[in-house]
Protein chains: 4
Amino acid sequence: MKVLSYDLSNTNVTLTGYLLDSSPEMPNMKQRPAVLILPGGGYRACSDREAEPIAMAFLAEGYQAFILRYSLNQDAAFPQPLNDAEEAMKLIRTHSAEWDIHPQKIAVCGFSAGGHLAAALSTMGSDRPDALILGYPCILEEMSAIFPNPVPGVDQKVDHLTPPTFIFHTFDDKLVPVSNSLAFADALTRQNVPFEMHIFPTGTHGLSLARPQTSMGLISMVEPSVAQWFSLCTNWMTRVFGEFAADLEHLPEEEVLEYSLDVKLGALWKNDSCKMLILAAMPEIGEEPHPDAMGVPLGVIIEYAGDVLNEEKKMQLNDSLRQIPVIHS
Amino acid sequence: MKVLSYDLSNTNVTLTGYLLDSSPEMPNMKQRPAVLILPGGGYRACSDREAEPIAMAFLAEGYQAFILRYSLNQDAAFPQPLNDAEEAMKLIRTHSAEWDIHPQKIAVCGFSAGGHLAAALSTMGSDRPDALILGYPCILEEMSAIFPNPVPGVDQKVDHLTPPTFIFHTFDDKLVPVSNSLAFADALTRQNVPFEMHIFPTGTHGLSLARPQTSMGLISMVEPSVAQWFSLCTNWMTRVFGEFAADLEHLPEEEVLEYSLDVKLGALWKNDSCKMLILAAMPEIGEEPHPDAMGVPLGVIIEYAGDVLNEEKKMQLNDSLRQIPVIHS
Amino acid sequence: MKVLSYDLSNTNVTLTGYLLDSSPEMPNMKQRPAVLILPGGGYRACSDREAEPIAMAFLAEGYQAFILRYSLNQDAAFPQPLNDAEEAMKLIRTHSAEWDIHPQKIAVCGFSAGGHLAAALSTMGSDRPDALILGYPCILEEMSAIFPNPVPGVDQKVDHLTPPTFIFHTFDDKLVPVSNSLAFADALTRQNVPFEMHIFPTGTHGLSLARPQTSMGLISMVEPSVAQWFSLCTNWMTRVFGEFAADLEHLPEEEVLEYSLDVKLGALWKNDSCKMLILAAMPEIGEEPHPDAMGVPLGVIIEYAGDVLNEEKKMQLNDSLRQIPVIHS
Amino acid sequence: MKVLSYDLSNTNVTLTGYLLDSSPEMPNMKQRPAVLILPGGGYRACSDREAEPIAMAFLAEGYQAFILRYSLNQDAAFPQPLNDAEEAMKLIRTHSAEWDIHPQKIAVCGFSAGGHLAAALSTMGSDRPDALILGYPCILEEMSAIFPNPVPGVDQKVDHLTPPTFIFHTFDDKLVPVSNSLAFADALTRQNVPFEMHIFPTGTHGLSLARPQTSMGLISMVEPSVAQWFSLCTNWMTRVFGEFAADLEHLPEEEVLEYSLDVKLGALWKNDSCKMLILAAMPEIGEEPHPDAMGVPLGVIIEYAGDVLNEEKKMQLNDSLRQIPVIHS
């Protein structure tokens, strides 16, 4: 994993990226979905409890994760925070190939005031995310009362380009009333934008994961029923973005441009010259390798087989394979 | 999060640490449990599929995580890999305060050959872990047949100092028969070491999380029933190590050595001079602050309240508080 | 279990009760919550898929369950179905002691048109239930268009006496739009009636449990995400009604009116004459019985101990115990 | 639902059957799996806590359920209880068609001493069940010490005809040591009989569902981790027996012997005469009915459509359809 940090254009605005490693053993993970996290804090702070712990939860699901610490307080006059979010989106999309991200699977996830910003990005942004996740979001214009600056009511901005949305909120929330989420759901319904919404009866504002690790040590911040939101959310994302491929053995053959250790055994086996070379170098593999092995690059197989080929012999085999011409069928 | 990498004494042996950030908002997370991950690969390789994805899963639960890439192939003559694991344990324990780790809550988690090494560390190691997690482990001496070097049968080494153990395996495992786990469970029973064990009927060897992201893209590596092992495991760990505290408001008062912004509001409020100073500086807080706020350091409260106090006034308040003598009751 | 069937006043209206057995081994189950199930079917039928399978699901959670097959078609002119539901409620409340039901823990659970009827009972009924469960309910007056008779819009009828409510719906529902549930949630919010609501994006109308057994054999009727509604619902009910007591050992002593085999060992042990009699009859019990046994009636203990006392000796011990006077402390 | 009670040959031995209703709306539920429940109680009693609550849990999953109260105490000399279980199996298999049971999907589920009996039936019985479920079972011959009569060690009886097995136990069990389950797992492994086994570290003997409703009101009988056994078990059963069909629209056409209201719309629609008759009687159905409707019998569709056809017209349509000759393709 790499942890990257970028200073964005506005003062004190940073984007932190958590990027999972790629590996030849994980050929199905070259295009991960990503999530841009916008912590809450009333446009006066960015809560640590809604930052790294959320990023870790998404990384465990195989997502690339980013945290944006956006403009606050006197710097938070709208649309400045929106501009920060737009800049972050653009940075992620631009680097998507380099960072193993699927460029059409970038979600934004905001909490409280960060939910307002996430909804603004999803309804008004120059570069909209592909899915929207809202935790106890500020939606209504009247929420401006608790912010340092007035903000637009984002329920008014929902259009048919707003991405599929996931919302959770608690009925008990005294600081940001549940009517905020209901108003956004109404607006989505009118625009026929599909959404999933979970309203739990109990639980205070600002629960984050609603688990002990995000509780500040306060029992009132642990709510097992609300804590279900995260697995409900990742199930929803899997339906929106699709699951990581686990059917590579059934996928249409990628076109092979050149034979080498990086090519899957199945493709090499179809060429008699390649097959003979491999059997000569490592007879242990046998005439009929295990079907599961057919979807695995030869180099990975050799690595696992351990010391069957030393580095020198591996290089020789690679060179020999590269000299065999690819004949297209 | 910080990602650290250490070269250990033996050639090509590295320890990678993933260390979650601390935050004044998470005062209950100063002593996290940690897990040392030992990937499998027949003592010929360390599988990437059993490395970073496992670390991420534990980080999401609030653990600090470490991956040891231990001695392999011709370097793997026993006890050399055990020495690597002992060195890693010692490094973690030595840095536990610095890395926000509870020094008596360090688990080891090994898969396949890494499970052999984890069990060896837990039964023969100079520094035993506090909990042991085994995924489809090699246990029996006869498993030496598939390794580059002979290894001891670790079922023979179980003693009453062996830590509480969690095991999962599949009945279908052709490479490492389920009898390995049954033999270890028998040995634990004889020594009265408590364990949790889950044997699932279907699923091939080497499933890691048994989810698409660790499947190499092969459908045979996705088994939803086996994938339950991870939540069963973290539930078990919570019972072994305890949950992160979420009752700070009920904890015995820490002794206050000096008043400051770092002290919890509840402790400041008990001293009338502190209370007056705070009310003067930020009357918004009111005579009777919300009970939940009492467990939170004043500095965090001010940070959340946003621009109620500018930096200069904050420093003034801190200085004034520090001049009030602490009277012990 | 007993299955009872009652013909109510209106023609073709029946109430079926499924009543779990009581047992001296389950002293904490004498006052079970109950649920009155109202299947859907457009006021033209009562779907079997929303009847017995729902009852079974609640029985497994320890609830008593009832199915009302209410007035349909030309008989369904409002308020006739409401009168059926009121009559069913009254019958259940009247028999609550006899049927081991807690008289203030009676929920109503309706689907589609049955959801309309459940909401009507909960907002307009002469005898309101204590909790309301709505599955893809018809709420709005405009739903009259698909019914044989016009019905009132029940969102208009919500008042502060409406019980706590659980709602689930799918965004995809073409027959009963999700705006029905949103309107009811808005009305509950205005009246400050706490609710839990889950809106899932995919899934057709009439999913019942959304599992294969209620699917009619159609794949479109199986939706694993929607199937989560039932465990979400029973978790909610546990929070509303409380869990079955599992702390009888800590409960204030019930007053003993007479010693006998029906009295808990702990109460008998406090009286030296009882203790001597018991030890004489069954010395195996020992001077210091297991603490868990103290919360169990002596008769149950003897039953489990098997043939330690034959029937005759049991009766003798019972008679002897009854002759010992109870002295109140 | 019907509740049936049978007196079996031996004195005081009863079989109680809980049989779910069939319905034309549930055409995929005509062959349900069944489970025969054998409560525990040391061959001295049959615990109510391991009887009806277990039956309800399986009924909620769509199973037919049976409770056998077998020979006890002086009547429990082996093989008398085994004979009871064999008689129960035979009774269920004989009535399987009548009771909507799949004759090759009958499981037995026993707890403690009932687990001994279940394992005996599965290894020595004249009519073996198709799956075996064991809760904290007595297995070893040495368990005879706590029974009124000696019993054979059933681990010695495992053969290759023993059905697939599910086992759960707690390490903490003082009354029936976990070595009982480990010995049975070893025997299954040697015979290559696939099994699933879950051993939880904490929890006393006799937990039943490990939930409040089976706790006798004692907190020591509630163990959330152990309570997972039931969903683990039903997931396992679904893999052993298969899920209820939810692909009737894709199934090979049943052969139609005679057209009528009981025939699926899809089959009627293939015959032009039938199609014309139906369109004439109920033009609302339209030339191109919804694809989902094609898998539903016409009579069910009419029932749902409500008053589109009165009883007389329904009978007329049925009679007309029956006069159309079936032409086999």
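The values are calculated or read from the model by the stated rules, or taken from the named source; none is laboratory data. Every value quoted in this text rests on a predicted model; they were computed, and no experiment measured them. Because the Cβ atoms are built from the backbone with ideal geometry, glycine has one as well, and the counts that use them run over all protein chains shown.
Worth a mention:
- Selection status of B:Phe241, touching a strand residue (DSSP E or B) at 6+ places or on another chain (Cβ under 9 Å), away from chain A (no Cβ under 14 Å) and modelled with pLDDT of 95 or more: no
- The range B:128-149, residues that are part of a loop (DSSP other than H, G, I, E, B) and at pLDDT 95 or above: B:Arg128, B:Pro129, B:Asp130, B:Tyr136, B:Pro137, B:Cys138, B:Ile139, B:Leu140
- From the list B:Ala210, B:Ala246, the lone residue that is at pLDDT 90 or above, part of a loop (DSSP other than H, G, I, E, B) and surrounded by 18 or more Cβ atoms within 10 Å (Cβ to Cβ) is B:Ala210.
- No other residue among B:Pro212, B:Pro194 is over 29 Å from D:Phe241 (Cα atoms) and under 28 Å from the mean Cα position of the chain (by Cα) apart from B:Pro194.
- Residue check, D:Gln74 assigned by TED's automatic domain parsing to the domain that holds D:Leu232, without any contact (Cβ under 8 Å) to a residue 40 or more places away in the chain and surrounded by fewer than 22 Cβ atoms within 10 Å (Cβ to Cβ): no
- Filter result (in a loop (DSSP other than H, G, I, E, B), at pLDDT below 80 and either surrounded by 18 or more Cβ atoms within 10 Å (Cβ to Cβ) or touching a Ser or Thr at 6+ places or on another chain (Cβ under 6 Å) (or both)) within the range D:290-329: D:Val296, D:Gly306
- For the range A:1-27, the tally of residues that are farther than 28 Å from B:Leu15 by Cβ and touching a helix residue (DSSP H, G or I) at 6+ places or on another chain (Cβ under 9 Å) stands at 8.
- Residue in the range D:226-238 that is buried (at least 17 other Cβ atoms within 10 Å of the Cβ), at pLDDT below 95, within 14 Å of chain C (Cβ to nearest Cβ) and at negative phi present: no
- Any chance A:Ser215 is more than 9 Å from every other protein chain (Cβ to nearest Cβ) and more than 30 Å from A:Pro291 (Cβ to Cβ): no
- Residue match in the range A:109-123 (condition: in a strand (DSSP E or B), at pLDDT 95 or above and more than 15 Å from the chain's Cα centre (by Cα)): yes
- Comparison of B:Ala55, B:Ala34 shows that the only residue that is surrounded by 24 or more Cβ atoms within 10 Å (Cβ to Cβ) and outside any strand (DSSP E or B) is B:Ala55.
- Pairs with Cβ under 7 Å, 6+ apart, first in the range D:184-209 and within 7 Å of chain B (Cβ to nearest Cβ) and over 17 Å from D:Ala119 (Cα atoms), second buried (at least 24 other Cβ atoms within 10 Å of the Cβ) and aliphatic (A, V, I, L, M): D:Ile199/B:Met197; D:Phe200/D:Val226
- In this structure, A:Ile167 does not satisfy being within 9 Å of another protein chain (Cβ to nearest Cβ), within 12 Å of C:Ala185 (Cα to Cα) and crowded, with 21+ Cβ neighbours inside 10 Å.
- Residue match in the range B:215-238 (condition: among the charged types (D, E, K, R), assigned to a helix (DSSP H, G or I) and in contact (Cβ under 8 Å) with a residue 12 or more places away in the chain): no
- D:Met276 being assigned to a helix (DSSP H, G or I), more than 13 Å from chain C (Cβ to nearest Cβ) and surrounded by fewer than 19 Cβ atoms within 10 Å (Cβ to Cβ): yes
- Looking across the range B:13-31 at every residue that is in a strand (DSSP E or B) and under 17 Å from the mean Cα position of the chain (by Cα), the one that is farthest from the other protein chains (Cβ to nearest Cβ) is identified as B:Leu15.
Conditions (1) surrounded by 20 or more Cβ atoms within 10 Å (Cβ to Cβ); (2) at pLDDT below 95; (3) out of contact with any Gly (no Cβ under 6 Å at 6 or more places or on another chain), marked per residue:
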site	(1), (2), (3)
B:Leu161	no, no, yes
B:Lys174	no, yes, yes
B:Ser181	yes, no, yes
B:Asn192	no, no, yes
B:Met197	yes, no, yes
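- Considering the range B:174-183, and only residues there that are assigned to a helix (DSSP H, G or I) and more than 8 Å from every other protein chain (Cβ to nearest Cβ), the residue that is farthest from A:Glu243 (Cα to Cα) turns out to be B:Ala183.
- When the test is whether a residue is β-branched (Val, Ile, Thr) and in contact with a Pro (Cβ under 8 Å, 6 or more places away or on another chain), A:Ile92 does not pass it.
- Put simply, of A:Ala57, A:Ala51 the only residue that is free of Cβ contacts under 8 Å to residues at least 40 places away in the same chain, small (Gly, Ala, Ser) and under 18 Å from B:Lys2 (Cα atoms) is A:Ala51.
- The range D:6-27 residues that are assigned by TED's automatic domain parsing to the domain that holds D:Gln80, paired with ones that are of a type in the set (Phe, Trp, Tyr) (beta carbon under 7 Å, 6 or more apart): D:Val13/D:Tyr70; D:Thr14/D:Tyr6; D:Leu15/D:Tyr6; D:Leu15/D:Phe66; D:Thr16/D:Phe66; D:Gly17/D:Phe66; D:Leu19/D:Trp99
- With respect to the conditions (1) surrounded by fewer than 23 Cβ atoms within 10 Å (Cβ to Cβ); (2) in contact with a helix residue (DSSP H, G or I) (Cβ under 6 Å, 6 or more places away or on another chain); (3) free of Cβ contacts under 8 Å to residues at least 60 places away in the same chain; (4) not in a loop (DSSP other than H, G, I, E, B), A:Ala45 falls short on a single one, namely (4).
- Any hit, the range D:155-176, residues being without any contact (Cβ under 8 Å) to a residue 24 or more places away in the chain and not aromatic (Phe, Trp, Tyr): no
- Selection status of C:Ile106, assigned to a strand (DSSP E or B) and free of Cβ contacts under 8 Å to residues at least 60 places away in the same chain: no
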